[in-house]
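Since the structure comes first, as structure tokens, the remarks are kept for the end.
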Amino acid sequence: MTREKLCISCGRVKPIDDYYTHPTNSDNHQRRCMECDKARQREYYIENKARIDRARKAWQKNNYDRHIEHCKKYVEKRRGEIICTRY
Ligand SMILES: [Zn+2]
């Protein structure tokens, strides 16, 4: 006999094999089916990617400012000689 379980996410009853195992849940299985779990992970990845991209852009901007500062100092040292192509 195949055990079945109600998915809390999509609300469908699916065979227990459609659920990932979970060590501490009462029936040792996730409350979301694999399909919903995958969708959730994909969403999480997309959200995270956006967050990481934002952080990277901010970092690049900060670093660019630092780079410009560094170049300014360097340019002053070299008496106005253009040594930085990005500046
Ligand atoms: Zn589901």
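Just a few scattered comments:
- Net charge over other residues, Cβ less than 11 angstrom from the Cβ of residue 17 (K, R count +1; D, E count -1): +1
- Taking Lys and Arg as +1 and Asp and Glu as -1, the other residues whose beta-carbon sits under 9 Å from that of residue 3 total -2.
- Between residue 26 and residue 66, the C-beta separation translates, for a Förster distance of 41 Å, into a calculated FRET efficiency of about 0.15.
- Near residue 48: Cβ cut-off under 14 Å, other residues only, Lys/Arg at +1 and Asp/Glu at -1. The net charge is +3.
- Stretch gain in nm, segment residue 44-residue 6, where the contour uses 0.36 nm per residue and the Cα spacing is subtracted: 11.4 nm
- Cross-link reach list, aspartates and glutamates versus residue 14, counting only Cα pairs under 20 Å and skipping chain neighbours closer than eight places: 4, 27, 35, 37
Read the figures in this text as sums done on the coordinates, not as results from a lab. If you're wondering where the values come from, they're calculated on a predicted model, not measured in any experiment. As a convention, Cβ positions derive from the backbone with ideal geometry for all residues, glycine included, and neighbour counts pool all protein chains shown.
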